[in-house]
Amino acid sequence: MVKILVAIDGSDASLRALRRAMGLAGEIHVVNVQLPPDAALLSRYMPAEDIDREQFENGICMLAPACKLLEDARATFRSHVLIGAPAFELAAFAQRENADEIVMGARGVGGLRSAVIGSTAKQVMQLAGVPVSVVE
């Protein structure tokens with residue numbers, strides 16, 4: 001069974017990447033990576049458990065449209081929220097899960113729209129030990 005990791009960041013490009021992966025995979029892992037918070041600053045206002053919960057809930061919200069698409073298609077999938085540097089976390093997760101491929105959007109919700117391929121996609125291509133497909 002082909003196992004594909006799909007990076008979901010809330011962008012239209014990430015949902016297009018998911019649609020492409022749905023035609024290829026037997027098992028899909030949709031992954032959202034939350035940037036680590038400025039813990040020293042936030043810890044003055046919130047307990048660490050609340051910070052972690054907020055990040056997890058934000059990740060789940062980002063994954064919701066992707067999960068709905070997969071549920072509607074009756075696809076086999078798992079969803080994951082990770083915290084850290086997106087490119088590093090995606091590449092490491094693909095290795096841990098023995099993914100056959102990473103599929104992601106060319107550009108995410110941040111950054112310059114003029115870039116052909118976003119910086120996170122470029123970094124994942126450099127770090128990943130599996131093929132990376134970048135969807136416009």
For this session: May I have the extent of the alpha carbons of the chain along their three principal axes, as whole Å values ordered from largest to smallest?
Result: 46, 34, 27
Problem set entry | For the chain, share of DSSP beta bridges that run antiparallel, in % to the nearest 5 | 0 percent
Problem set entry | Average accessible area per residue (Å²) across the chain - probe 1.4 Å, nucleic acids and ligands excluded | 56 Å²
Exercise. How far is helix 86-96 tilted, in degrees, relative to the longest principal axis of the Cα atoms in the chain, given as a value from 0 to 90 rounded to the nearest 10?
Worked result: 60 degrees
Problem set entry | Degrees, to the nearest 10: 48-72 long Cα axis against longest axis of the chain | 20 degrees
Exercise. Where the accessible area of the chain is counted over protein heavy atoms with a 1.4 Å probe, how much of it, in %, is carbon and sulfur?
Worked result: 55 percent
Exercise. Taking the Cα centre of the chain as origin and charging only Cβ (+1 Lys, Arg; -1 Asp, Glu), how large is the dipole, in debye to the nearest 20?
Worked result: 420 debye
Exercise. Per the Kirkwood treatment, what hydrodynamic radius in Å, one decimal, follows for the stretch 22-89 from the mean inverse distance over all distinct Cα pairs?
Worked result: 13.4 Å
Problem set entry | Relative contact order, percent, the chain [alpha-carbon distance under 8 Å, six or more residues apart] | 34 percent
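The values are calculated or read from the model by the stated rules, or taken from the named source; none is laboratory data. Please read these numbers as outputs of a predicted model, since none were measured by experiment. Cβ: placed from backbone, ideal geometry, glycine included. Neighbour counts: every protein chain shown. Each accessible area value is taken on the protein alone, full model and side chains, heavy atoms only, with ligands, DNA and RNA left out. Shrake-Rupley method; radii C 1.70, N 1.55, O 1.52, S 1.80 Å.
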